[in-house]
Each structure stands twice: as structure tokens, then as C-alpha cells.
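Report on the structure given below.
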Amino acid sequence: MDTLQQRMQKIEKAIQAACDRSNRKRQDVTIVAVTKQVSTNRAKEVIELGITNLGENRPEGLLAKQEDIQSEKLNWHFIGNVQSRKVKDIINKVDFLHSLDRLSLAKEIQKRASSTVNCFVQVNVSGEESKSGINPEELEDFILQLANYNKIRVVGLMTMAPFTEDEEWIRTVFRSLRSLRDQIAAKEVEHAPCTLLSMGMSNDYSIAIEEGATHVRIGTALVGTESEGDE
């Protein structure tokens, strides 16, 4: 079984190779270590390897880790769907929200946030019913409506590709999100610079990087699982 450091080395090598293939710079890709299924101790080990971006998908997990990990160097990403009633618990404790997909959520953020929140708008590019996210056809109108909420800054778009071995389908989804990102960015609206792309996970991050991902959300491939013996 690989150690955490060995996994990190493999991921770094894969990211660099994907950057080379797509003529991109390594520094343009941010690893968000998804620590939702592992302990605070494991998260600390990840931080010791130089990771400064951590992702959680449940308010309880986020708050528990933040209570035990005090560092101004960290960026906290909330990557899961957030219920409107839970917004008050997390919105002033995260640096990035990856799952903005409805106006009711935007309204609650506006109400609860003490400062501007960096948000990725989640888009359901694949059209799978099991996935959250706004319909691509509704994205532009949604972005424009967000101009009414001055606590929200749309820094980019997020999507999840189908869990499949069909690489071309995965690539098409990522490519489509990049195209949508470019369309929004071209409008040059103040509240939505939309320069970033959050896409790619443990099984498809190399493809995502080749298609323009700026943030890859890597969980198991990096942090492993609790069953490996961590507390």
C-alpha cells in the first residue's frame, strides 16, 4: 500500500504530464484535497505535504476539522450541496463554495455572508438526473440574475463528469464546461469574472487538466480511506 507521500508524488507526476500534454503551466492547477472521508489527523498529514486547499462536503465535517486545524495559510472549499438552512453554519468559514446552483441558495448567502463569497456555479453538463447543478441552457440567465446579490462573486464554473470508462464522454463534458466558462467570461460582468474551472476528481483529473481545469478535487487517490488504519 502506497504511503501518503508516494500517492502525492504519483499525482504530481500525473498533473505535470497532463500540463505538458496540454501546454499548460503546473502553477495554473490547484489541488483541492477532499478530506471528507478521513480524520483530522489525516488532513494534517496532507497539509504537511504542502497542500493548502482542503475540501469538505458536509457542514459537520468542515466545522470539526476547522476547530482542530488552525492555519491562516489554508483555503477551505465547500464542495457539496448545501441546504439553505445550513448556509448560516458555513458561509463565513469557507473561502470557496463549489455548488451554487439556485437562486434560493444565493438569497441565503446574501442574507448570511459577512463579506463577498467566491462561488463556483455548478452546472449539470452531463444531464444525469443523479447530479445536481443548473441546466447549461439556463446558465447565462442565472449568472445575470446573480448581479442582484453583491455578496456573491462567480469565480468560475464546476461540474462532475459521468462515472464511466468512456474517456471521450468525460472529455466532452469537461470541454463543454470550458466553453460555457469562456462564454460567461467574455461578457465581462463585474460580479462574474468566471475565470476558473473546478472539474476532475480522483479518477479523471488528468483529463480535466488537459481540458482546462484550474481546480481538481482529489480525494481517495490522495488521502486514501479511514480503513487504512488512521485512527
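The values are calculated or read from the model by the stated rules, or taken from the named source; none is laboratory data. Keep in mind the model is a prediction, meaning the values are calculated, not measured. Neighbour counts are summed over all protein chains in view; Cβ atoms, including those assigned to glycine, are modelled from backbone coordinates with ideal geometry.
Let me spell it out: the conditions are (1) over 26 Å from ILE207 (Cβ atoms); (2) surrounded by fewer than 18 Cβ atoms within 10 Å (Cβ to Cβ); (3) touching a strand residue (DSSP E or B) at 6+ places or on another chain (Cβ under 8 Å), and LYS73 meets all of them except one. Which number is the exception?
Here LYS73 meets the rest and fails (3).
Could you pull out every one of the helices (runs of 4 or more DSSP H) wholly within the range 1-92 that has 2 or more residues that are in contact with an Asp or Glu (Cβ under 6 Å, 6 or more places away or on another chain)?
Answer list for the range 1-92: 4-21, 40-48, 59-68.
Residues in the range 11-44 that are charged (D, E, K, R) and in contact (Cβ under 8 Å) with a residue 60 or more places away in the chain: how many?
Count: 5.
Kindly indicate whether VAL154 is crowded, with 22+ Cβ neighbours inside 10 Å, out of contact with any Asp or Glu (no Cβ under 6 Å at 6 or more places or on another chain) and over 16 Å from HIS77 (Cβ atoms).
Numbers: crowded, with 22+ Cβ neighbours inside 10 Å: yes; out of contact with any Asp or Glu (no Cβ under 6 Å at 6 or more places or on another chain): yes; over 16 Å from HIS77 (Cβ atoms): no.
Considered against the rule, which asks whether it is crowded, with 22+ Cβ neighbours inside 10 Å, out of contact with any Asp or Glu (no Cβ under 6 Å at 6 or more places or on another chain) and over 16 Å from HIS77 (Cβ atoms), VAL154 comes out as no.
Can you pull out every residue in the range 68-85 that is at pLDDT below 95 and not hydrophobic (A, V, I, L, M, F, W, C)?
Scanning the range 68-85 gives ASP68, GLN70, SER71, GLU72, LYS73, GLY80, ASN81, GLN83, SER84, ARG85.
Can you tell me which residues in the range 132-152 are outside any helix (DSSP H, G or I), touching a residue at least 24 places away in the same chain (Cβ under 8 Å) and over 15 Å from the mean Cα position of the chain (by Cα)?
Once the filter is applied, which keeps residues that are outside any helix (DSSP H, G or I), touching a residue at least 24 places away in the same chain (Cβ under 8 Å) and over 15 Å from the mean Cα position of the chain (by Cα), the range 132-152 yields ILE134, TYR149, ASN150, LYS151, ILE152.
Would a scan of the range 120-135 turn up a residue that is touching a Leu at 6+ places or on another chain (Cβ under 7 Å) and polar (S, T, N, Q)?
Scanning the range 120-135 turns up at least one residue that is touching a Leu at 6+ places or on another chain (Cβ under 7 Å) and polar (S, T, N, Q).
Restricting the range 112-131 to residues that are of a type in the set (A, V, I, L, M, F, W, C) and part of a loop (DSSP other than H, G, I, E, B), which is surrounded by the most Cβ atoms within 10 Å (Cβ to Cβ)?
Taking the range 112-131 and keeping what is of a type in the set (A, V, I, L, M, F, W, C), we get 113, 117, 119-121, 123, 125.
Still in the list and also part of a loop (DSSP other than H, G, I, E, B): 113, 125.
Details: ALA113: 18, VAL125: 27.
Here the answer is VAL125.
Quick one: is ASN53 within 25 Å of THR159 (Cβ to Cβ) and surrounded by fewer than 13 Cβ atoms within 10 Å (Cβ to Cβ)?
Here the answer is no, as ASN53 does not meet what is asked.
Look at VAL34 and say whether it is under 20 Å from PHE174 (Cβ atoms), among the hydrophobic types (A, V, I, L, M, F, W, C) and either surrounded by fewer than 19 Cβ atoms within 10 Å (Cβ to Cβ) or in contact with a strand residue (DSSP E or B) (Cβ under 6 Å, 6 or more places away or on another chain) (or both).
The answer is yes for VAL34.
Suppose we keep only residues that are in a helix (DSSP H, G or I) and of a type in the set (Gly, Ala, Ser) within the range 93-111. Which one would you say is farthest from ASN53 (Cα to Cα)?
SER104
For the range 52-77, give me each residue that is within 20 Å of LEU4 (Cα to Cα) and either in contact (Cβ under 8 Å) with a residue 24 or more places away in the chain or more than 15 Å from the chain's Cα centre (by Cα) (or both).
ASN53, GLY55, GLU56, LYS65, ILE69, LEU74 - these are the residues of the range 52-77 that are within 20 Å of LEU4 (Cα to Cα) and either in contact (Cβ under 8 Å) with a residue 24 or more places away in the chain or more than 15 Å from the chain's Cα centre (by Cα) (or both).
Could you check the range 153-190 and list, in sequence order, the residues that are not in a helix (DSSP H, G or I) and not aliphatic (A, V, I, L, M)?
Here is the first cut: in the range 153-190, the residues not in a helix (DSSP H, G or I) are 153-166, 187-190.
Of everything in the range 153-190, those that are not in a helix (DSSP H, G or I) and not aliphatic (A, V, I, L, M) turn out to be ARG153, GLY156, THR159, PRO162, PHE163, THR164, GLU165, ASP166, LYS187, GLU188, GLU190.
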